[in-house]
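**Q** Before I ask anything, let me first share the structure, which is written out below as structure tokens.
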Amino acid sequence: MEQNSKTNWGQFIPLVTVFFFWGFVAASNDILIPVFKSAFNLSQSESQLVSLAFYIAYTVGSLIYVGISALMKTDLINKIGYKNSLALGLTISAVGTLLFYPAANTGSFPLMLSGLFIVALGFSLQQTVANPLAIALGPIKTGSQRLTLAGGINNFGTTIGPLIVSFAIFGSASSGNTNISIESVKIPYLILGAAFLLVAVFLKMSSLPDKPALSEAVIEDGSLKGSALKYPQLVLGMIAIFVYVGVEVSTASNLPAYMEEDLGFAIKDVAPYISLYWASMMIGRWTGAVEAFTDKISLQKVLRFIAPYLAFGIFLLVNAIAEHDLAPFYVYALIILILIIADMASKGNPARMLFIFSGVGILALLVGMFTTGMVSVYAFTSVGLFCSTLWPCIFTLAVSGLGKHTSQGSSYLIMMIMGGGLISWLQGYVSNYTGIQYSYVIGILCFAYLAFYALRASSILKSQGINFDEKISGGH
């Protein structure tokens, strides 16, 4: 199969259903954390075991994949095919959701963690397949934009996930219910498990390729080296994925504790702000994906303003349906303008975008740390805007030039998703000494490394003859 000259939407659209599931479950964890903290009388660092159990599963899943491939002496995904791998991953995740039933009935925190671990174990295999597949379903120059668009679908899941799980536990916002019922989480997760199985069948019957072609930009000299780990852009990219997922997840997972302990919010009133954080990811990703739709510069300029506010409108709509007060959120429309300006300055270049967005992310965290009240809350939630497109930027830079080692390199990158759990736990631990607000210094350190990687990866790839057209100032 030749590399597509245009995006294959017929294959791309069914693929992104799995991106939705990843987002739904990951963001729902941010509601489970304060609920479990209260119900099981946990410390802040203990409550972050939810994130740790979920994200460490990605590493375990990747190690299992690498181990099986080594025993078979061939790449597992290439052997069984991309569609079969996706279906297998969805089935594993469905098995994990089944554990929520006995865990909820017995009130077992370890069993809840085990269920989340198995769900994420399936996600690990899905992500190893789906990310390079999204890049392969079209021209390489719009690969990162396609991955950004898929991430936008992911963040539709992250936007509604916290609201649905919060509704399952507390009921509607107008009910005034503050009782925490662990048993109430089992039905949403059983329904989710059934959805996993339905999508597995759907993808198996779809026209997705079992063995997609590698892109032109990544096929060069791929056969000259024996391991993906010999590519410096990948090794440094693995660290970048670790700290990126770390700052993305820890910013959100520690936000409920900050709003409760420092600002006096009730647990049930935190959900809209968690939803706003993840909606910010959707807003940014829809903005960054416009180049995947059209080559016309004039239309891209228009869409860069329409797409983010359309995504913001979806956030307002789902919160209106959930009967939350929308008045506090209208001011956020002004913050979105900063995102649009940063996106335009990046000119679609993944290295430039990673550098600019990391810098603005640092500024957002500094504002959150050194202000009070709702200003600090909106500063922390805006981190979602500036994290939004970093995954596809890092992923594209890290797998470029890997050739036949692309799926192996993808697995190594997925392995580093464990940063979401470890850095969330680290920030929770640091907060025991600094307070929640100042513990966000951990996120600043993460963004600082990402800015470094943007410069370094750009230099490495240019030395290998791979150029994303735009040049970062100071990149050499």
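**Q** Limited to region 45-69, what total is found for residues that are among the aromatic types (Phe, Trp, Tyr) and more than 16 Å from the chain's Cα centre (by Cα)?
**A** Taking region 45-69 and keeping what is among the aromatic types (Phe, Trp, Tyr), we get 54-55, 58, 65.
Filter again for more than 16 Å from the chain's Cα centre (by Cα), leaving 65.
Final tally of qualifying residues: 1.
**Q** Tally the residues that are in a helix (DSSP H, G or I) and open to solvent by less than 10 Å² (accessible area, probe 1.4 Å), restricting the search to region 343-363.
**A** Filtering region 343-363 down to residues in a helix (DSSP H, G or I) leaves 343-346, 350-363.
Cutting the leftovers down to open to solvent by less than 10 Å² (accessible area, probe 1.4 Å) gives us 343, 346, 350-351, 354, 357-358, 361.
Counting residues in region 343-363 that are in a helix (DSSP H, G or I) and open to solvent by less than 10 Å² (accessible area, probe 1.4 Å) gives 8.
**Q** OK, next. Output the residues belonging to region 403-416 that are among the β-branched types (Val, Ile, Thr) and open to solvent by less than 10 Å² (accessible area, probe 1.4 Å). Explain how you work it out, then say what you get.
**A** Looking only at region 403-416, we keep the residues that are among the β-branched types (Val, Ile, Thr), and these are 406, 414.
Of everything in region 403-416, just one residue is among the β-branched types (Val, Ile, Thr) and open to solvent by less than 10 Å² (accessible area, probe 1.4 Å), namely Ile414.
**Q** Just the residues that are surrounded by fewer than 23 Cβ atoms within 10 Å (Cβ to Cβ) and not in a loop (DSSP other than H, G, I, E, B), please, taken from region 101-120.
**A** Just the residues of region 101-120 that are surrounded by fewer than 23 Cβ atoms within 10 Å (Cβ to Cβ), to begin with: 101-102, 104-111, 113-114, 117-118.
The answer is Tyr101, Pro102, Ala104, Asn105, Thr106, Phe109, Pro110, Leu111, Leu113, Ser114, Phe117, Ile118.
**Q** Check whether at least one residue in region 156-175 is surrounded by fewer than 24 Cβ atoms within 10 Å (Cβ to Cβ), in a loop (DSSP other than H, G, I, E, B) and modelled with pLDDT under 75, and report yes or no.
**A** yes
**Q** Still on this model: Test of understanding: among Thr381, Thr434, which residue is open to solvent by 10 Å² or more (accessible area, probe 1.4 Å), among the hydroxyl-bearing types (Ser, Thr, Tyr) and farther than 15 Å from Gly246 by Cβ?
**A** On the way: Thr381 fails: open to solvent by 10 Å² or more (accessible area, probe 1.4 Å).
Exactly one of Thr381, Thr434 is open to solvent by 10 Å² or more (accessible area, probe 1.4 Å), among the hydroxyl-bearing types (Ser, Thr, Tyr) and farther than 15 Å from Gly246 by Cβ, namely Thr434.
**Q** May I pose another question? Search region 231-251 for residues being β-branched (Val, Ile, Thr) and touching a residue at least 60 places away in the same chain (Cβ under 8 Å), and hand back the single one that is surrounded by the most Cβ atoms within 10 Å (Cβ to Cβ).
**A** Pass one, region 231-251, residues β-branched (Val, Ile, Thr): 235, 239, 241, 243, 245, 247, 249, 251.
Restricting the remaining residues to those that are touching a residue at least 60 places away in the same chain (Cβ under 8 Å) gives 239, 241, 243, 245, 247, 249, 251.
Working: Ile239: 17, Ile241: 26, Val243: 23, Val245: 27, Val247: 31, Val249: 27, Thr251: 27.
Per the criteria, the residue is Val247.
The values are calculated or read from the model by the stated rules, or taken from the named source; none is laboratory data. Everything quoted here is computed from the prediction, not taken from an experiment. Note that each Cβ is placed from the backbone with ideal geometry, even for glycine, and that neighbours are counted across all protein chains shown. We work out accessible area using only protein heavy atoms, side chains counted, and drop any ligands, DNA or RNA first. Shrake-Rupley method; radii C 1.70, N 1.55, O 1.52, S 1.80 Å.
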